[in-house]
Structures are given as C-alpha cells and as structure tokens.
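Asks: Would you mind keeping the following structure in view while I ask a few things?
The values are calculated or read from the model by the stated rules, or taken from the named source; none is laboratory data. What you see is a predicted model, and the numbers here were worked out from it, not measured in a lab. Methodologically, a virtual Cβ is constructed for each residue, glycine included, from the backbone with ideal geometry; neighbour enumeration extends over all protein chains shown.
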C-alpha cells in the first residue's frame, strides 16, 4: 500500500529522534544516503555562515533555514533530473541540491539580480517573495508539461504554513485537483509565520487535510526525518508521473518541522516564542538523526563525517569568496531586462542616467 | 501641550495609541501586529494595552485582511489594518479597488467605510525583492480612496488621526526609509493635520520643488546646497497624494514659474505627471521652463545592490533643479 494511503493526521516517520528506525526505510542506495547527509550538513553550514555575513554587513536581510534541512534535502533528492522546482525564498538547501550554485544564492541575498539567472539545465523558478504567489505557477508549469505530453516530468512547489492562508494556495491546489496536474505541493510547516503560530493560520487540525477539499491526497510527514520525507515525496512523484493506474495526480505534503532561527535576520523570535519550545524542537534536529542512522547501519564512520565536514567548510568558503569577488553589477543593467528590447522611453532614461553618471560619477548616486 | 521627541514610526504608534484610547471602535489588525508589535514596531505595546480583540494578529492573507476590514467598517467599526510591506498589498488589491473604494458610491452613501489601510512603502533600506517599491499611484488612480504619505513625525501622528476620523477609506503609506532617520516634536495629546493640504517646507522664489515622503530629505538637502549657486528654491511637501492640493501647487508655481517634481515612484504615470498637467491647465501663462521630473526609472525596482542608482539622489535632484532654473 502506498505511503500516501493514510489519514492526513497519521504522520509518516522512519527515524525517531535518536535516529532509531521506527518505520519502513526507503530503498535508497548507500551513496545517495551519504550524499543526503552531506547536503544537509552543507545547508546547515551555509546557513550559519550566511547569518554571520549578514551580521557583519556583508549581506542584506537573509531568511535562515536551520532545522529545515531534512525536509529540503529529503524531498529534493527524490526528484528526477527532468523535474522542476518552484521555491519560496527559504529553499537554499533544496536549490543547491538541484544544481543552483551557492554563489548564486549568496549573490541574490547580496542584492544582485544575477543570483536569479539560473544556469542552463537547472530547473528552478526564481524564489517567490510574496507569500504563496508561486503556487499557481507550479500548477501551471506542471499543467504545461502534461499538455505537451512530457509525462515523465513533475513539478514540486515549496511554501510555508502561512502560505496556506492565502488565496493563491487555494486557487493553485484547486486547479491542480481539477486538471490532474503532475504536482507535489510541499508545505514546510515550520510552526511560525514570523510571529504568528500555526494555530492562528487555520482551525484545521492539520494542513494536510486541506487536500481533501481539493479532491487530492494529503499526507503529513515528520519534516525533520529526512528518510520519511524522501518516502512520501517519492510516492507523490510516482503518483504524479507513473501512477499504477489512471492519470497522474497531485499531492499535498505537510512536512512538520521547525525553524530554529529567526524568520529573517530582520526578525527577533525571542519576542514571540520561548526558549523551551525551541529546545524541544532542537531535540528533533534532522542532522544528528540521519548521522546516527548512518553510523548505526555502518554507512559512515568518524572518518567519513570528518571528511564531509572539511568538504562542507571548503565549499561554503569557496562560494563566499566567489560571491564577494564577483564584480558589482553594472548600474546600467537595470535598463536591460524590463523588456526584450528597451522601449524608446527606457532608452531615453538610460541615456539620461549615463550622462549623469558621466558628470557626477558613482558618488552622485551612492548613499552611505 | 506637552510633547515628546519621536521618530516617524514612533509617531505612527503614538497616533494609533492616542486614537484607540479615545475611540473604542478603532482596532488594529494584520500580520504580526500583536505580540510582535509589527515588523517595524509600529504597533509595539498596543497588544498589551488593548488586548486581542483590538490588536489582532490575522492569518497570512492580505485579501482576507482588507476584505474583513471592509465588512467591519461597514458595520461601524474603524479598523486600521496593516499590510506589512506595500509590496504585499496586491492579494488585497481586488478588495481595495473593487470594494474599499466604492462602498459609499455603490450604496448611495448608505454604507461607508471609515477605515485606514496602513503600509510602509519605498526603497533605500537594502531590503529583499518586492519590499522597496513606491506604488502610491495605483491607489491615487482609484476614486473613493484618499492617499496620504507623511514625511515628518508631527504630520505622521496628525494625519493618521485625521485618517482614522475621516468618514472615507484612506490608504496611509509610510516612508520606511525615514521611519527612524530623525526625531521631531510630537504633542502627547490628540491633534489633527488636515488631509488634502500640502505644506510649504521652505519658501523660495526661483523654482518650486514638489515632493513627498522619503524624498523630502534629498530634496531639502539639494535645495540647501543650491543656495551656494544663488538658487532660491521653494519646497512643497505634497503630503496627500489624493485628493491633491492643486491650489497650493498652482500658487507656488505662479510665484516661481518653474517646477521640479521629485518622487521615487516610476516616472511614467507618477505623481509628477499629474502635477505637470495641473500646472498646464491652471498656470500655463506663468510657465518659464519645462517641468522637470526627477523620478524612479521605468524599469522594475532593482535588487538592493543597484537601488541607489534607481532612487533620486541629492545630485540628481540638484541637477534637475539647475535644469529648470537655467532653461
């Protein structure tokens, strides 16, 4: 029976908080399991460094992901090469796994548009800042794949618990249900929409059960258990692309988890939640859980962990070096991409802008 | 009257606090306005003071926030919903333009909406994408709405109280770049600053410079710098985008015969166009030079690495004024 065939309130788990197996371990080869661990460590270390860069004034406002690595990596690693990902603004880990270089994620949060210029072959939409606004895009993208007969492709969409309150969530999932689009709607329920707790978003007992209203399956998973996340995402992808019978169908996954840090570096969570709650969730940290499982099953040892630690540090340091040494974007770039070609109006404004720069230099524009 | 030295964002908070104390029908609602006190702390302490029924943390849904406020206002409450950033008003746009602006007209005055929709707007704070735009003209284009943008702590409190007491819906946009840039004297008591009246910030004879919100700062600085070049500029702070105080605009222009408009919103369809047309209609024979618009460019607002190049700078404003004066 599919892992999706269950009550939306019956949370899927594979590992308990100590990393002990309590469910069915998904069929993943050893190498991929270790890669999963490597990427989770990478995401965590990147996150720690990114917050520190912001604190040092080397980067703008940044939304941290610590605590959510299990959900991001466990789901993204289940995707096939040709699948697409439609993220919110916190999916730095999932994006990395899907081929977006860390350097670009850094550039985006350093205020460079270039951070959103996806490399060829990287199937990721630009991060959507307005909450839930990306959900209908994901439905449309999957619909397009279906209409064009590209039946081997699914589209995963990430969003948070707060997003389920927006109209776009309803409309996106409703279309998906009506048109049977090959989607996986992946809700990172991290308990807090800035200061507003999950209970304030909806009177529904779970977010997964909202699927019922759209005529699609909803499943709740322990989002800090990367193996459980992998299992449900894989099952949802199979259902979207290779159903045992009938047409492919969408799924709503609610991955229950916690953001250990602030909503963004501009936020102070101590105002609205207490340390006790944070500590309770930290006991579910997905990284030691997976590490413990890998060690217990002989897939990794001290040496392996140390090698990954060294690799992770190096990769993040290299990415920061690359992002910071990237040349400042040329200011005239802002006139280049509003349309395929500059309109006469934009051309005139560009010329006026260049004349001003010629006359006053960059000092004529830059504030402190 | 006793007074306090407040920033603009503190004046917002003080205006809400003052009016909530005076009128039980006034309530605040929005995302993170309660325990968190708003992401900019514009509602700090109000939740402790007035409780969960008057300072309401809502689900994350702007259409829901605006739409339910419309319903509340129609029933006689005076809701002051906050949208966290003006860039997130668009899920509520349908409610704003299809209903908030038109209940009075659609019911021949039977139902009215004494509500104020607050949102911080504008660039320059190194914020992420969709957090920096200046789109006041979307709302100015909609009959039935009043659109207010203060630029000083004193005006902020006085205009906010006027907005809350106004029988019609008001879009109250707050210049977040200068939320904490400086302090000003603000009376502790209630007082109002009238909606629909511009303020002459500096009198001058050579050229009239019209601006509002955060752009009053580079404008005043540019005008001071130009004194050394012998240019005596008048600065008019528009304060209410709609209904526009055409009288003050025309009066100032008739005195100087030259005009510059400074705003961070895109040039195309910006307030500068409306001010220019007003001058053409009402003071053509006084005109000695083309009206110069120093505005945001007609391209999407760039991510913050380039935002200084997009926003009118002191040098750009100075150059615009020179152009108008030396024509």
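Asks: Before we move on, is residue B:294 part of a helix (DSSP H, G or I) and touching a strand residue (DSSP E or B) at 6+ places or on another chain (Cβ under 6 Å)? Walk me through how you get there before you give the answer.
Replies: On the way: part of a helix (DSSP H, G or I): no; touching a strand residue (DSSP E or B) at 6+ places or on another chain (Cβ under 6 Å): yes.
Spelling it out, it is not the case that residue B:294 is part of a helix (DSSP H, G or I) and touching a strand residue (DSSP E or B) at 6+ places or on another chain (Cβ under 6 Å).
Asks: So, in region A:160-171, how many residues would count as being part of a helix (DSSP H, G or I) and either crowded, with 24+ Cβ neighbours inside 10 Å or at the interface with chain B (Cβ under 9 Å from one of its Cβ atoms) (or both)?
Replies: Filtering region A:160-171 down to residues part of a helix (DSSP H, G or I) leaves A:162-165, A:167-171.
Filter once more, so that each one left must be either crowded, with 24+ Cβ neighbours inside 10 Å or at the interface with chain B (Cβ under 9 Å from one of its Cβ atoms) (or both): A:162-165, A:167-169.
Residues meeting the conditions: 7.
Asks: Name the residues in region A:196-237 that are free of Cβ contacts under 8 Å to residues at least 40 places away in the same chain and more than 21 Å from residue A:91 (Cα to Cα), would you?
Replies: Residues satisfying the conditions are A:199, A:200, A:202, A:203, A:204, A:213, A:215.
Asks: Can residue B:76 be described as closer than 24 Å to residue B:47 by Cβ and assigned to a loop (DSSP other than H, G, I, E, B)? Spell out how you get there, then give the answer.
Replies: Working: closer than 24 Å to residue B:47 by Cβ: yes; assigned to a loop (DSSP other than H, G, I, E, B): yes.
So residue B:76 fits the description; yes.
Residues checked against (1) within 14 Å of chain B (Cβ to nearest Cβ); (2) free of Cβ contacts under 8 Å to residues at least 60 places away in the same chain; (3) loosely packed, with under 14 Cβ neighbours inside 10 Å; (4) assigned to a helix (DSSP H, G or I):
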| residue | (1), (2), (3), (4) |
| --- | --- |
| A:289 | no, no, no, yes |
| A:305 | no, yes, no, yes |
| A:312 | no, no, no, yes |
| A:348 | yes, yes, yes, yes |
| A:353 | yes, yes, no, yes |
| A:357 | yes, yes, no, yes |
| A:363 | yes, yes, yes, yes |
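Asks: Could you say whether any residue in region B:11-25 is at pLDDT below 95, more than 24 Å from the chain's Cα centre (by Cα), surrounded by fewer than 18 Cβ atoms within 10 Å (Cβ to Cβ) and away from chain A (no Cβ under 12 Å)? Give the steps one after another, and end with the answer.
Replies: Initially, region B:11-25 is screened for residues at pLDDT below 95, giving none.
Scanning region B:11-25 turns up no residue that is at pLDDT below 95, more than 24 Å from the chain's Cα centre (by Cα), surrounded by fewer than 18 Cβ atoms within 10 Å (Cβ to Cβ) and away from chain A (no Cβ under 12 Å).
Asks: On to the next question. If you scan region B:207-237, which residues turn out to be touching a helix residue (DSSP H, G or I) at 6+ places or on another chain (Cβ under 7 Å) and closer than 20 Å to residue B:278 by Cβ?
Replies: The answer is B:207, B:208, B:209, B:210, B:211, B:219, B:233, B:234, B:235, B:236, B:237.
Asks: Take region B:202-218 and flag every residue that is over 16 Å from the mean Cα position of the chain (by Cα) and crowded, with 16+ Cβ neighbours inside 10 Å. Reasoning before the result, please.
Replies: Step one: filter region B:202-218 for residues over 16 Å from the mean Cα position of the chain (by Cα), giving B:202-209, B:218.
Across region B:202-218, the qualifying residues are B:204, B:206, B:207, B:208, B:209, B:218.
Asks: Looking only at region B:101-118, filter to residues that are over 15 Å from residue B:143 (Cα atoms) and surrounded by 24 or more Cβ atoms within 10 Å (Cβ to Cβ); which one of those is farthest from the chain's Cα centre (by Cα)?
Replies: Looking at residues that are over 15 Å from residue B:143 (Cα atoms) and surrounded by 24 or more Cβ atoms within 10 Å (Cβ to Cβ), I get B:115.
Asks: Then there is this: From A:85, A:40, A:36, A:59, grab the single residue that is in the same structural domain as residue A:289 (by TED's automatic domain parsing) and assigned to a strand (DSSP E or B). Spell out how you get there, then give the answer.
Replies: Values: A:40 fails: assigned to a strand (DSSP E or B); A:36 fails: assigned to a strand (DSSP E or B); A:59 fails: assigned to a strand (DSSP E or B).
Going through A:85, A:40, A:36, A:59 in turn, the sole match is A:85.
Asks: Further question on the same structure: Please find, among A:41, A:6, the residue that is at pLDDT below 95, over 21 Å from residue A:194 (Cα atoms) and surrounded by 14 or more Cβ atoms within 10 Å (Cβ to Cβ). Reasoning before the result, please.
Replies: Working: A:41 fails: at pLDDT below 95.
Only one candidate qualifies: A:6.
Asks: Which residues, counting only those in region A:295-337, are touching a helix residue (DSSP H, G or I) at 6+ places or on another chain (Cβ under 6 Å) and at pLDDT 95 or above? Step through it out loud before you land on a result.
Replies: In the first step, residues of region A:295-337 are kept if they are touching a helix residue (DSSP H, G or I) at 6+ places or on another chain (Cβ under 6 Å); the result is A:299-300, A:308, A:312, A:316, A:319, A:322-323, A:329, A:331, A:334-335.
Residues satisfying the conditions are A:299, A:300, A:308, A:312, A:316, A:319, A:322, A:323, A:331, A:334, A:335.
Asks: Let me ask something else. Given the residues A:208, A:244, A:235, A:266, which is the only one that is in a loop (DSSP other than H, G, I, E, B) and surrounded by 22 or more Cβ atoms within 10 Å (Cβ to Cβ)? Lay out the reasoning, then the answer.
Replies: On the way: A:244 fails: surrounded by 22 or more Cβ atoms within 10 Å (Cβ to Cβ); A:235 fails: in a loop (DSSP other than H, G, I, E, B); A:266 fails: surrounded by 22 or more Cβ atoms within 10 Å (Cβ to Cβ).
The conditions single out A:208.
Asks: Same structure again: Kindly indicate which of A:194, A:156 is within 30 Å of residue A:37 (Cα to Cα), out of contact with any strand residue (DSSP E or B) (no Cβ under 8 Å at 6 or more places or on another chain) and modelled with pLDDT of 95 or more. Talk me through it step by step, then tell me what you get.
Replies: Values: A:156 fails: out of contact with any strand residue (DSSP E or B) (no Cβ under 8 Å at 6 or more places or on another chain).
Testing whether each residue is within 30 Å of residue A:37 (Cα to Cα), out of contact with any strand residue (DSSP E or B) (no Cβ under 8 Å at 6 or more places or on another chain) and modelled with pLDDT of 95 or more leaves just A:194.
Asks: Being more than 11 Å from every other protein chain (Cβ to nearest Cβ) and closer than 14 Å to residue A:255 by Cα narrows it down to one of A:174, A:183, A:190, so name that one. Outline the logic, then answer.
Replies: Working: A:174 fails: closer than 14 Å to residue A:255 by Cα; A:183 fails: closer than 14 Å to residue A:255 by Cα.
That would be A:190, the only listed residue that is more than 11 Å from every other protein chain (Cβ to nearest Cβ) and closer than 14 Å to residue A:255 by Cα.
Asks: State all residues of region A:122-150 that are within 14 Å of chain B (Cβ to nearest Cβ) and touching a residue at least 40 places away in the same chain (Cβ under 8 Å); if no residue qualifies, say none. So that I can check it myself, show each step before the final result.
Replies: To start, the set of residues in region A:122-150 that are within 14 Å of chain B (Cβ to nearest Cβ) comprises A:125-136.
Answer for region A:122-150, where residues must be within 14 Å of chain B (Cβ to nearest Cβ) and touching a residue at least 40 places away in the same chain (Cβ under 8 Å): A:125, A:127, A:128, A:129, A:131, A:132, A:134, A:135.
Asks: For region B:303-323, which residues satisfy the criterion of being at the interface with another protein chain (Cβ under 7 Å from one of its Cβ atoms) and assigned to a loop (DSSP other than H, G, I, E, B)? Don't jump to the end; show me each part of the working.
Replies: Of region B:303-323, the ones at the interface with another protein chain (Cβ under 7 Å from one of its Cβ atoms) are B:303-306, B:308-310, B:313, B:315-316, B:319.
B:303, B:313, listed by residue number.
Asks: Sticking with this structure for a sec: Look at residue A:132 and say whether it is within 18 Å of the chain's Cα centre (by Cα) and crowded, with 24+ Cβ neighbours inside 10 Å.
Replies: Values: within 18 Å of the chain's Cα centre (by Cα): yes; crowded, with 24+ Cβ neighbours inside 10 Å: yes.
So residue A:132 fits the description; yes.
Asks: Scan B:2, B:63, B:98 and give me the residue that is modelled with pLDDT under 95 and surrounded by fewer than 21 Cβ atoms within 10 Å (Cβ to Cβ).
Replies: Working: B:63 fails: modelled with pLDDT under 95; B:98 fails: modelled with pLDDT under 95.
Going through B:2, B:63, B:98 in turn, just one is modelled with pLDDT under 95 and surrounded by fewer than 21 Cβ atoms within 10 Å (Cβ to Cβ): B:2.
Asks: Does residue A:89 satisfy the criteria of being at pLDDT 95 or above, within 14 Å of chain B (Cβ to nearest Cβ), out of contact with any strand residue (DSSP E or B) (no Cβ under 6 Å at 6 or more places or on another chain) and over 17 Å from residue A:53 (Cα atoms)? I'd like the intermediate steps shown before the answer.
Replies: Details: at pLDDT 95 or above: yes; within 14 Å of chain B (Cβ to nearest Cβ): yes; out of contact with any strand residue (DSSP E or B) (no Cβ under 6 Å at 6 or more places or on another chain): yes; over 17 Å from residue A:53 (Cα atoms): yes.
Yes.
Asks: Which of (1) away from chain B (no Cβ under 14 Å); (2) more than 26 Å from residue A:168 (Cβ to Cβ); (3) in a helix (DSSP H, G or I) is the odd one out, the single condition residue A:119 does not satisfy?
Replies: (3)
Asks: Here's a follow-up. Within 14 Å of chain B (Cβ to nearest Cβ), in a helix (DSSP H, G or I) and surrounded by fewer than 22 Cβ atoms within 10 Å (Cβ to Cβ): which single residue out of A:279, A:199 fits that description?
Replies: A:199
Asks: Would you point out which residue out of B:258, B:246, B:239 is farther than 25 Å from residue A:365 by Cβ, crowded, with 23+ Cβ neighbours inside 10 Å and in contact (Cβ under 8 Å) with a residue 12 or more places away in the chain?
Replies: Values: B:258 fails: farther than 25 Å from residue A:365 by Cβ; B:246 fails: crowded, with 23+ Cβ neighbours inside 10 Å.
On inspection, the qualifying residue turns out to be B:239.
Asks: Report whether or not residue B:264 is crowded, with 20+ Cβ neighbours inside 10 Å, outside any helix (DSSP H, G or I), modelled with pLDDT of 95 or more and within 14 Å of chain A (Cβ to nearest Cβ). Write out each step before concluding.
Replies: Working: crowded, with 20+ Cβ neighbours inside 10 Å: yes; outside any helix (DSSP H, G or I): yes; modelled with pLDDT of 95 or more: yes; within 14 Å of chain A (Cβ to nearest Cβ): yes.
Considered against the rule, which asks whether it is crowded, with 20+ Cβ neighbours inside 10 Å, outside any helix (DSSP H, G or I), modelled with pLDDT of 95 or more and within 14 Å of chain A (Cβ to nearest Cβ), residue B:264 comes out as yes.
Asks: So for region A:136-148 (the condition being assigned by TED's automatic domain parsing to the domain that holds residue A:238, assigned to a loop (DSSP other than H, G, I, E, B), within 24 Å of residue A:239 (Cβ to Cβ) and touching a helix residue (DSSP H, G or I) at 6+ places or on another chain (Cβ under 7 Å)), does at least one residue qualify? I'd like the intermediate steps shown before the answer.
Replies: Taking region A:136-148 and keeping what is assigned by TED's automatic domain parsing to the domain that holds residue A:238, we get A:136-148.
Still in the list and also assigned to a loop (DSSP other than H, G, I, E, B): A:148.
This time we only want the ones that are within 24 Å of residue A:239 (Cβ to Cβ), so: A:148.
Restricting the remaining residues to those that are touching a helix residue (DSSP H, G or I) at 6+ places or on another chain (Cβ under 7 Å) gives none.
Taking every residue of region A:136-148 in turn, none turns out to be assigned by TED's automatic domain parsing to the domain that holds residue A:238, assigned to a loop (DSSP other than H, G, I, E, B), within 24 Å of residue A:239 (Cβ to Cβ) and touching a helix residue (DSSP H, G or I) at 6+ places or on another chain (Cβ under 7 Å).
Asks: Just checking, does region A:63-74 include any residue being at pLDDT 95 or above, out of contact with any helix residue (DSSP H, G or I) (no Cβ under 6 Å at 6 or more places or on another chain), within 23 Å of residue A:290 (Cα to Cα) and surrounded by fewer than 23 Cβ atoms within 10 Å (Cβ to Cβ)? Talk me through it step by step, then tell me what you get.
Replies: Restricting attention to region A:63-74, the residues satisfying the condition of being at pLDDT 95 or above are A:63-74.
Those still in the list that are out of contact with any helix residue (DSSP H, G or I) (no Cβ under 6 Å at 6 or more places or on another chain) too: A:63, A:67-68.
Subset that is within 23 Å of residue A:290 (Cα to Cα): A:67-68.
Still in the list and also surrounded by fewer than 23 Cβ atoms within 10 Å (Cβ to Cβ): none.
No, region A:63-74 contains no residue that is at pLDDT 95 or above, out of contact with any helix residue (DSSP H, G or I) (no Cβ under 6 Å at 6 or more places or on another chain), within 23 Å of residue A:290 (Cα to Cα) and surrounded by fewer than 23 Cβ atoms within 10 Å (Cβ to Cβ).
Asks: Hey, among A:338, A:322, which residue is outside any loop (DSSP other than H, G, I, E, B) and either within 30 Å of residue A:362 (Cα to Cα) or within 14 Å of chain B (Cβ to nearest Cβ) (or both)? Reasoning before the result, please.
Replies: On the way: A:338 fails: outside any loop (DSSP other than H, G, I, E, B).
Just one listed residue meets the conditions, A:322.
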